[in-house]
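The values are calculated or read from the model by the stated rules, or taken from the named source; none is laboratory data. If you're wondering where the values come from, they're calculated on a predicted model, not measured in any experiment. As a convention, Cβ positions derive from the backbone with ideal geometry for all residues, glycine included, and neighbour counts pool all protein chains shown. SASA here: full protein model, heavy atoms, side chains in, ligands and nucleic acids out. Shrake-Rupley method; radii C 1.70, N 1.55, O 1.52, S 1.80 Å.
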Amino acid sequence: MAPDPKIIDLFNAKKEGDAPAASLEFFPPRTDDGVKNLYARLDRMKDTVKPLFTDVTWGAGGSTASLSMDIAMQAHNTGHVANLHMTCTNMGDDTSPKEAIKKALQQAKDGGIRNIVALRGDPPAGEEEWKAADGGFTCALDLVVYMREEFGSDFGISVAGYPEGHPNAISEIADPSTMTPAEKARSSSCDGKTFTCKDEDYKKEMDYLKKKIDAGSDFIITQMFFDTAVFIQFVKDCRTWGITCPVVPGLMCLNAYGGFKKMTKFCKSRVPADLDAGMEEKKDDADAIKVYGVDYGAQMCKDLIAFGVPALHFYTLNLEKVVYGILDGVGILENAAASANEADASTMTAVGSAWARVGDTVKCEHGQGVVTEMKSDGAAVIKIEGRDEAATMEKGKYEKVF
């Protein structure tokens, strides 16, 4: 199989007036059946969506290193342009962090993969903060610099951008009336508290993003957002900072109420009032949530297309119905949602996630409960509903409830 083209070359080949392409993102499922079903979905969505490229995520703390590589190779070998995520540390390898990354990059290159998303990465399960491994990289910028030093122009490189600011750069605001107009525009509310990335921190974020691009990154894929005005302002700010590369909006598919609430709380995402009201109104009707997710996502995409984005990047959550529905809604596809097959949805559970934190609702062999403590090895102490004593469950023996 011939090596993949670089994604930046695909962008550059687009002609003025061309409709924006769609791209897709998947994560490694927890079970063998899940992986098998994901491969079938990759085939279906390649034929239906014809994505410009397909991302495969790298689990928190390198928890899916080998499986992520396998899935990316499968995507490449079946006709996708694979865009493999790679993080700075914890590569699931006993060698030094830098040697492990070099080995993984060489394996990707030998397999025909030519596109990498360079990320710092999330902390492993059970850890609240990300820490660099001894002898490893400290940030995504280090990884970009290393890739260009070791592999030259062999890979196309994309990096993350944060229209609302990185979650670690978002602060609680005691008095919201003190916020500047820019701070207010990207602010969020949760549990009666107001959060924003302060102007001085936002400047640091943009300065750092400029360094990542100047070091050799080709384009930006953004963190999820739900307010298109925030994304549009972010792109304008990129241009002010001299960042001229393509900026691709990352779009989270709204598949379930619980998942939406947990993700937006974890990322401190801005949720427009109409979206919040719509999700609350339909929270007890799973089918209605998907329908609403399609309608809201389609309107977002129409706004983004009007602005002139180069592509629409869908965080699929390993499902297809909402993606098809949105692309039907904007006219890129026609009646694709009618052919969506999500009978395997229960197998699309992630191997691991940095979102497993104190306060999450989980289920295990003892029943359903709330995590009260996370151990460093990923084990969770769970207060089981209807029981006085807590249960301590090993990593992999409990599952989050969304």
What helix-only [θ] at 222 nm does the chain give? Using -39500 (n - 2.57) per DSSP H run of at least 4, over all residues, to the nearest 500, the answer is -11500 deg cm²/dmol
Taking R0 as 30 Å and r as the Cβ-Cβ distance between residue 302 and residue 200, the FRET efficiency 1/(1 + (r/R0)^6), rounded to the nearest 0.05, comes to 0.30
In the neighbourhood of residue 277 defined by beta carbon distances under 15 Å, the net charge of the other residues (Lys, Arg +1; Asp, Glu -1) is -4
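Express the carbon and sulfur contribution to the solvent-accessible surface of the chain as a percent, rounded to the nearest whole number, probe 1.4 angstrom. Kindly include the intermediate steps, with their values, before the conclusion.
Working: 8600 of 17770 Å².
Carbon-and-sulfur percentage of accessible area, whole number: 48.
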A student applying the Cα gyration tensor rule (rounded when a/c is under 1.5; otherwise prolate if a/b is larger than b/c, oblate if not) would label the chain rounded
Length gained, residue 236-residue 363, 0.36 nm per residue minus C-alpha separation, equals 41.3 nm
Given a Förster distance of 22 Å, the FRET efficiency implied by the Cβ-Cβ spacing of residue 78 and residue 341, rounded to the nearest 0.05, works out to 0.80
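Just subtract the alpha-carbon distance of residue 185 and residue 385 from 0.36 nm times their residue separation and send over the number in nm, one decimal.
Numbers: separation 200, 0.36 × 200 = 72.00 nm, distance 3.98 nm.
Length difference between fully extended and current span is 68.0 nm.
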Sorted by chain and then number, the residues having a modelled amide H within less than 5 Å of the amide H of residue 368, at least 5 places away or on another chain, are 385
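Any of 6/102; 98/268; 265/375 with alpha carbons more than 29 Å apart? Name them for me.
98/268
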Diffing region 191-204: the Karplus 3J(HN,Hα) column from phi (6.51, -1.76, 1.60, θ = phi - 60°), in whole Hz with x for Gly and Pro, holds 6, x, 10, 10, 10, 7, 8, 4, 4, 5, 6, 4, 4, 4
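About the Cα centre of the chain, what is the dipole size in debye to 20, counting +1 per Lys and Arg Cβ and -1 per Asp and Glu Cβ, all else neutral?
The calculation lands at about 560 debye.
In square angstrom, what is the accessible area per residue of the chain with a 1.4 angstrom probe? Write out the running numbers ahead of the final one.
On the way: 17770 Å² over 402 residues.
Per-residue value: 44 Å².
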For the chain, the charge dipole (Cβ of Lys, Arg +1; Cβ of Asp, Glu -1; about the Cα centre) points to a positive end, and the Cα of 337, 368, 234 closest to that extreme belongs to 234
